[in-house]
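Data block below; observations after.
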Protein chains: 2
Amino acid sequence: KPQIPKVDTESIVVYDMNEISASADAVRKKEEVLILTPIARFYPEYWKNLLKLTYPRNLITLGFIIPSTKDGTKVHRELRAAVQAVQKGPKHQRFADVKIMIQDTGLSSGQSEKQRHSLEVQKERRSKIAASRNTLLFSTLGPKTSWVLWLDSDIVETPQRLIEDMTSFDKDVLVANCYKRHNGNLIPYDFNSWVDSDHARNLAKGMGKDDILLEGYAELATYRLLMAHTYDNGDPRTLMELNGVGTTALMVKANVHRDGAVFPTFPFYHLIESEGFAKMASRLGYKVYGLPNYLVFHYDE
Amino acid sequence: KPQIPKVDTESIVVYDMNEISASADAVRKKEEVLILTPIARFYPEYWKNLLKLTYPRNLITLGFIIPSTKDGTKVHRELRAAVQAVQKGPKHQRFADVKIMIQDTGLSSGQSEKQRHSLEVQKERRSKIAASRNTLLFSTLGPKTSWVLWLDSDIVETPQRLIEDMTSFDKDVLVANCYKRHNGNLIPYDFNSWVDSDHARNLAKGMGKDDILLEGYAELATYRLLMAHTYDNGDPRTLMELNGVGTTALMVKANVHRDGAVFPTFPFYHLIESEGFAKMASRLGYKVYGLPNYLVFHYDE
Ligand SMILES: Nc1nc2c(ncn2[C@@H]2O[C@H](COP(=O)(O)OP(=O)(O)O)[C@@H](O)[C@H]2O)c(=O)[nH]1
Ligand SMILES: Nc1nc2c(ncn2[C@@H]2O[C@H](COP(=O)(O)OP(=O)(O)O)[C@@H](O)[C@H]2O)c(=O)[nH]1
Ligand SMILES: [Mn+2]
Ligand SMILES: [Mn+2]
């Protein structure tokens, strides 16, 4: 292989993309991780959990995208205060980089859980969140990023070794199982991680090109195998192959995005956003997996 | 609108994406342009032409992606010498930034024009070039880029005001008409810019999900209206709406990419690479245009 100097004069930079590794041995190989969070509401528990993660912070870059609404301004203030407390602290405890983007999406963030999840509203909502994710990704994915961890802003509890654990499987796309705690019970939360069914495939065949299939709606039963329902408190290293994923805690090799896997804002095989992303990744030749017994927790609303 | 400070402490950066303009008035609004070129061969004429462009260089960032082959090493040497001559020269003549990426695509660059264009070879070739374009885009698109100009490495002649002219139409996606000069004649070259036909749509309907429609192959006549054939030496500001585009000289508003329009490496509506990109942009809600009487010239091989 030819020897190539990495940096020339001031304004020429050379990157050898063949040198980026994303392996089961991420810490030892000093693999850079980009944690991406679209954030419409700041949960202190999200931030506390993030600070407990054990992956070396000098290898972590954080990227946030905030809606430019009145609520967004509040989020921005809270997030900045939280970030500054760390980034102005001792050098060895700082993140490598923190990028905050602000973007008008035209979504009102004042919706309740019920409103947000109504079938009609979901399509537009998730399409706009998909666009926010793409914008965030395009402005933060660096030429040396190895892994992208999509972590939703309402994920309030994960194992501390989340990054070490998820990278250790060496999978192109890998999603944790997202539950919520409610009155001491574990309740399945994220239904976007699933294995396709013949029934759903047939439903899709009969649909118009702009229709989408969404999970968790009685009026549109898909009979897909939902990862959320396969949790059995067994081996946390159990893997299952999936066709759809959620983004609550989703680890992606950066090269999957670089090859062109993004979050479709339009119906892609009748799927959008994270579910469409899983389909796109598989069209690009990548495999998609989930960890049914590896739990992360959504805020209980 | 809330007032937001742009930069905080060292490692927090805030970008307001609502402030990026991409308008008919690019120079006056100091809009940043990213020129992207996957480059398998260095043509001195390409570089000379690039240096003649009149758009302010302090607003231009150049991004190249080179295959990591033996030929690529030669390209890298030639390109670096060319870039350094400019970037070590007078400050006011330098480009804002130059990024060179090196990536193994597994494509052999030693193919002749005939070999490259054989139907079987094209699909894999263009799929790999699509992946290179996506990788290049993900590592160079900055949070302040307004426009992306895709300019192939074998484009040896364009109007000097290419950037001012193309941005002046204020279109989301706009492609010039690519010809070549041969023995004093003008010969149409790029057939990827077209208007769809019923015939092609019907062909596509009968195809398997991994089949693609390619332009310019007798065995697969599409009866599409090819922009290359509509040149009539008339008004260079004539616009036509298109369904497919080539990348020889393609101007894209950066927000189109940020929303998630990339170059499909897989058959997307039976289209790949630049033609698939046009389809993806239109699925994202953008319109795609061409300039039949605005010519750029491909190297005559
Ligand atoms: N930037 C941005 N992020 C948003 C917006 N709406 C939701 N989000 C974030 O997108 C992620 C998913 O949204 P969420 O409301 O949690 O979806 P659900 O839990 O699946 O209903 C969370 O991290 C939200 O904070 C928005 O309008 N703009
Ligand atoms: N990085 C990279 N660029 C390539 C490769 N093959 C072709 N290119 C570039 O991709 C663009 C389109 O390829 P080209 O061979 O001109 O295609 P054609 O003119 O349509 O046959 C040109 O700018 C090439 O220099 C490759 O293997 N790697
Ligand atoms: Mn949520
Ligand atoms: Mn060419």
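The values are calculated or read from the model by the stated rules, or taken from the named source; none is laboratory data. Just so you know, these numbers come straight off a predicted model, no measurement behind them. Glycine gets a Cβ as well: all are built from the backbone with ideal geometry, and neighbour counts include every protein chain shown. To get the accessible areas, we keep the full protein, side chains included, count just its heavy atoms, and leave off ligands, DNA and RNA. Shrake-Rupley method; radii C 1.70, N 1.55, O 1.52, S 1.80 Å.
A few comments on the model shown:
- Using a Förster distance of 22 Å, the FRET efficiency for B:Met240-B:Ile187 (Cβ separation, nearest 0.05): 0.65
- Take each residue of peptide A:94-103, count the partner chain Cβ atoms within 10 Å of its Cβ, and average: the result is 5.
- Rounded to whole Å, sorted largest first: equivalent-ellipsoid semi-axes of chain A, Cα gyration tensor: 30, 23, 20
- Sorted from shortest to longest, the distances between the B:Glu45 label points of this copy and the other copies are 6.6 nm, with each point 7 Å from Cα along the line through the beta carbon.
- For chain B, the relative contact order comes to 23 percent (Cα pairs under 8 Å, sequence separation of at least 6).
- Part-to-part distance (alpha-carbon centres) for region A:120-199 and region B:140-175, which is given in Å: 35
- Between copies, the label points of B:Val27, set 7 Å from Cα on the Cα→Cβ line, lie 5.7 nm apart, reported in increasing order to one decimal in nanometres.
- Using a simple spin-label model with pseudo-atoms 7 Å out from Cα toward Cβ, B:Asp300 and A:Asp25 lie 5.6 nm apart.
- Rounded to the nearest whole Hz, the Karplus-based 3J(HN,Hα) values (6.51 cos²θ - 1.76 cosθ + 1.60, θ = phi - 60°) of region B:236-248 follow the sequence x, 8, 5, 10, 9, 7, 10, 10, x, 9, x, 10, 4, with x at glycine and proline.
- Between the beta carbons of B:Asn202 and A:Ala218, assuming R0 = 41 Å, the FRET efficiency works out to 0.60 to the nearest 0.05.
- Legend: calculated FRET efficiency, B:Phe169 to B:Lys74, from the Cβ-Cβ distance at R0 = 41 Å, rounded to 0.05, equals 0.65.
- In this rough spin-label picture, where each label sits 7 Å from Cα along the Cβ direction, the B:Asn58-B:Leu119 distance is 5.4 nm.
- Ascending list, in nanometres, of distances separating the B:Lys91 label from those of the other copies (7 Å, Cα toward Cβ): 2.9
- Estimated buried accessible area (total), pair A and B, 1.4 Å, Å² to nearest 100: 4800
- In sequence order, calculated HN-Hα J values of region B:37-42 (Karplus, 6.51, -1.76, 1.60; Hz; x Gly/Pro): 9, x, 9, 9, 8, 8
- Accessible area (Å², per residue) of the protein assembly as shown, counting only protein heavy atoms and a probe of 1.4 Å: 41
- Evaluating 6.51 cos²θ - 1.76 cosθ + 1.60 at θ = phi - 60° for every residue in region B:286-291, the Karplus couplings come out as 9, 9, 10, 10, x, 10 Hz, glycine and proline recorded as x.
- Set A:Lys205/A:Lys287; A:Lys171/B:Lys74; A:Lys253/B:Lys48; B:Lys30/B:Lys88; A:Lys29/A:Lys91 screened for pairs whose C-alpha atoms are more than 30 Å apart: A:Lys171/B:Lys74; A:Lys253/B:Lys48
- Within the accessible area of chain A (1.4 Å probe), percent carbon and sulfur: 49
- Region A:174-301 shape via C-alpha gyration tensor axes, a/c threshold 1.5: oblate
- CD proxy at 222 nm, helix term only [per DSSP H run n ≥ 4: -39500 (n - 2.57); per residue of chain A; nearest 500]: -8500 deg cm²/dmol
- Net charge of neighbours whose Cβ lies under 14 Å from the Cβ of B:Val156, counting Lys and Arg as +1 and Asp and Glu as -1: -2
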